[in-house]
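Colleague: Before we start, here is the structure in question, set down as structure tokens.
The values are calculated or read from the model by the stated rules, or taken from the named source; none is laboratory data. It should be emphasised that the depicted structure is a prediction, and the values quoted were computed from it without experimental measurement. Positions of Cβ are generated from backbone atoms using ideal geometry, with glycine treated the same way; all protein chains shown enter the neighbour counts.
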Amino acid sequence: MKHYLSITDLGDLETAVREAISLKKNPYAFEKLGKQKTICLLFFNNSLRTRLSTQKAAANLGLNVMVMNFGTEGWQLEYNDGTIMDEGKSEHIREAAQVVSQYADIIAIRAFAGLLDKEEDEAEIVLNGFKKFASIPIVNMESSVAHPLQALADAITLHEHCQMERPKVVLSWAPHPKALPHAVANSFISMMQLQKAEFVIANPIGYDLNPEITKDCQIVHDQERALENANLVYVKNWSSYANYGRVLHQNPAWMMTKEKLGAAKFMHCLPVRRNVVVNDTVLNSDQSLVIAQANNRTWAAQLVIKRILESLK
Ligand code: CP
């Protein structure tokens, strides 16, 4: 695997999940694979899970790890060619990407959507800028439109905790005070499209996601109907796609509660706002898989980095 930008870069998902689970059982089996190699993690946005789990995964493979909060510590980057750079931006992506390539063997990048300009976000200027001008593999640690490390961790969690022939899985929108990106929901949908499951997306009118991603998924605007007989419920907020980046409303009736969840398992990528997105009683119950998901972030990252290291040989 040259780069990891999307869940589809893994090839067969079931094989990847099984490989990640074998790394979970034996984390140091490939501790020499990354010897004398370096991964550079560049964060343009905040993180807890991605930052720590990716560092841990890299360390398990014997890599040196460099971490930089590029958004606050790096020079402001220019992405357009031909710009007269006489304003705030000090460095061009052309130099920055090539320079990082001198110090590392893999670059991992987190750069969220700005949610102001759909076209600009969908162009993935940071991720694609590094991909274009770096000479080494790129890992997506959550970009404008995708969070494939989260999606792989979710696939591992699903495999471990929902071993039914064809479970009913619901992705449900939830209220949130801030405008949030679509990346987690998009990648979860792309991952579910590779699963044997009855998959339903539940969101209020006005919150339908990009139809190029949801494709022929069932989208229901009545949460109660969507949740009927669900085995697993993945809750996530996202801002409007049609009315790009806007919070149209924060309808509290869409918050997940124990009553609505019934006997289903609960998933969320974290961080989560308690009693806004989901009630305490859900998160505090045995039905919640959020900590298992966070744990699986390490094994997802380790599988991805391992495959990239193997392709460098
Ligand atoms: N789920 C997730 O990506 O968490 P962080 O934003 O804390 O990395």
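Colleague: Could you give me the residue pairs with C-beta distances under 7 Å whose first residue belongs to the stretch 98-110 and is farther than 24 Å from residue 121 by Cβ and away from the ligand (no atom under 16 Å from the Cβ), whose second residue is polar (S, T, N, Q) and modelled with pLDDT of 95 or more wherever it lies, and which are 6+ apart or on separate chains?
Modeller: Qualifying pairs under 7 Å: 98/135; 101/135; 103/38; 104/38; 105/38.
Colleague: With respect to residue 260, determine if the residue is at pLDDT 95 or above and within 30 Å of residue 139 (Cβ to Cβ).
Modeller: Answer is no for this residue.
Colleague: Out of 89, 37, report the one residue that is more than 16 Å from the ligand (Cβ to nearest atom), in contact (Cβ under 8 Å) with a residue 60 or more places away in the chain, farther than 24 Å from residue 293 by Cα and among the basic types (Lys, Arg).
Modeller: When all the criteria are applied, what remains is 37.
Colleague: Within the group 83, 50, which residue is closer than 29 Å to residue 115 by Cα, touching a strand residue (DSSP E or B) at 6+ places or on another chain (Cβ under 7 Å) and not in a strand (DSSP E or B)?
Modeller: Of the residues listed, the single one that is closer than 29 Å to residue 115 by Cα, touching a strand residue (DSSP E or B) at 6+ places or on another chain (Cβ under 7 Å) and not in a strand (DSSP E or B) is 50.
Colleague: Evaluate the following for residue 84: is it over 20 Å from the mean Cα position of the chain (by Cα), surrounded by fewer than 17 Cβ atoms within 10 Å (Cβ to Cβ) and β-branched (Val, Ile, Thr)?
Modeller: For residue 84, the condition - over 20 Å from the mean Cα position of the chain (by Cα), surrounded by fewer than 17 Cβ atoms within 10 Å (Cβ to Cβ) and β-branched (Val, Ile, Thr) - is met.
Colleague: Pick from the stretch 53-62 the residues that are more than 14 Å from the ligand (Cβ to nearest atom), part of a helix (DSSP H, G or I) and of a type in the set (A, V, I, L, M): which of them is surrounded by the most Cβ atoms within 10 Å (Cβ to Cβ)?
Modeller: My answer is 58.
Colleague: Which of the residues spanning the stretch 25-47 are touching a helix residue (DSSP H, G or I) at 6+ places or on another chain (Cβ under 8 Å) and part of a loop (DSSP other than H, G, I, E, B)?
Modeller: Once the filter is applied, which keeps residues that are touching a helix residue (DSSP H, G or I) at 6+ places or on another chain (Cβ under 8 Å) and part of a loop (DSSP other than H, G, I, E, B), the stretch 25-47 yields 27, 28, 29, 30, 31, 33, 34, 37, 44, 45.
Colleague: Of (1) of a type outside the set (Asp, Glu); (2) at pLDDT 95 or above; (3) not in a helix (DSSP H, G or I), residue 187 satisfies all except one. Which?
Modeller: (3)
Colleague: Would you check if residue 134 is within 16 Å of the ligand (Cβ to nearest atom) and modelled with pLDDT of 95 or more?
Modeller: Judged against the criteria, residue 134 is not a match.
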